[in-house]
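The values are calculated or read from the model by the stated rules, or taken from the named source; none is laboratory data. This is a predicted model, so every value here is computed, not measured. Heads up, the Cβs are rebuilt from the backbone with ideal geometry, glycines too, and the neighbour counts pull from every protein chain shown. SASA here: full protein model, heavy atoms, side chains in, ligands and nucleic acids out. Shrake-Rupley method; radii C 1.70, N 1.55, O 1.52, S 1.80 Å.
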Amino acid sequence: MILVKLGGSVITDKSRLRTFRRSACDRLAREMRSGASEGILVVHGAGSFGHIVAKKYALHKGLKYDSQVEHVATVQRDVRELNLRVLESLIDAGLNAVSVPPASSSTFENGCVKTFSDTPFSSLLDMGLVPVSFGDVVPDMAMGFSICSGDLMMAELAKAFKPRLVVFCADVDGVFDKDPKLDKSAKLLDEIDSSITMTSFKEKSVNADVTGSMKGKIEMMLAISEHCEKCIIVNGNVRGRLESAIKGTQVKSTTVVPRQVSA
Ligand code: IP8
């Protein structure tokens, strides 16, 4: 089984509200189809279908004022619209994709997963379907509502299914020692483990983003790497990288490994 995250910065233009990058998503879908010969679980980010409005109305802070409610509804609708488009790309590529919104498998409290059931996913996988979850605005027992990032679903799915391979498709080649978008001298790290120093990674990202920074993502990927054989970040904008990663061919990337336990 493989678990793939299609980053919101790859499948959408994060700087332009509700802008889907259809050709990128179609290509990634085809790469999954031709690369994988096993069960596939897919999670996608919200990109400009979620973050711009969620940030404007502070939806990640939960219910603070009445008029937020209207925007909870629009963000829910918008991320479903994105999800439909992703499903369309996957189905066109020959993958039998079905939607599993986070709230159909999980409950949430204070922005964290309180309960998670793998049944909605496993029953679909058993039938040869490809479950597709996504970052969403969700009911939250303590905050009224909160944001569930796709990475949070990735962590739950990795824990539950122990995939052979977890691939994150980002808009950069992997993890760098500095921000490659700001600093040309940034060097790609072939491998990272939990000894990585987080001080060089910023808390905030360039585009509107309510779920985080590279720092938060690295922490999540380190946790995920404990539950799979291999966890890798590739550039989803470069043709063939996802397919090569799935086939186990050497590819420009960063591999995330859990802390090495000394004997
Ligand atoms: O793009 C965020 O999910 P992510 C979900 O996976 C919303 O971090 C609604 C902003």
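Among the residues in region 71-90, are any outside any helix (DSSP H, G or I) and in contact with a strand residue (DSSP E or B) (Cβ under 9 Å, 6 or more places away or on another chain)? Talk me through it step by step, then tell me what you get.
Going residue by residue through region 71-90, those that are outside any helix (DSSP H, G or I) are none.
No, region 71-90 has no match at all.
Which residue out of V4, V98, V10 is more than 10 Å from the ligand (Cβ to nearest atom), closer than 18 Å to S213 by Cα and either open to solvent by less than 30 Å² (accessible area, probe 1.4 Å) or without any contact (Cβ under 8 Å) to a residue 60 or more places away in the chain (or both)? I'd like the intermediate steps shown before the answer.
Working: V4 fails: closer than 18 Å to S213 by Cα; V98 fails: closer than 18 Å to S213 by Cα.
It is V10.
Which number in (1) crowded, with 17+ Cβ neighbours inside 10 Å; (2) within 19 Å of the chain's Cα centre (by Cα) marks the one condition that V72 misses?
Unmet for V72, out of (1) crowded, with 17+ Cβ neighbours inside 10 Å; (2) within 19 Å of the chain's Cα centre (by Cα): (2).
Which ones in region 155-180 are in contact with a helix residue (DSSP H, G or I) (Cβ under 6 Å, 6 or more places away or on another chain) and within 13 Å of the ligand (Cβ to nearest atom)?
Within region 155-180, A155, C169, D171 meet the criteria.
Pairs under 6 Å by beta carbon, first residue farther than 17 Å from D140 by Cα in region 51-72, partner away from the ligand (no atom under 11 Å from the Cβ) and at pLDDT 95 or above, six or more apart or different chains?
The qualifying pairs are I52/L17.
Quickly run through region 218-263 and pick out the residues that are in contact with a Ser or Thr (Cβ under 7 Å, 6 or more places away or on another chain), in a loop (DSSP other than H, G, I, E, B) and not hydrophobic (A, V, I, L, M, F, W, C).
If the condition is that a residue be in contact with a Ser or Thr (Cβ under 7 Å, 6 or more places away or on another chain), in a loop (DSSP other than H, G, I, E, B) and not hydrophobic (A, V, I, L, M, F, W, C), then P258, R259 are the ones that fit.
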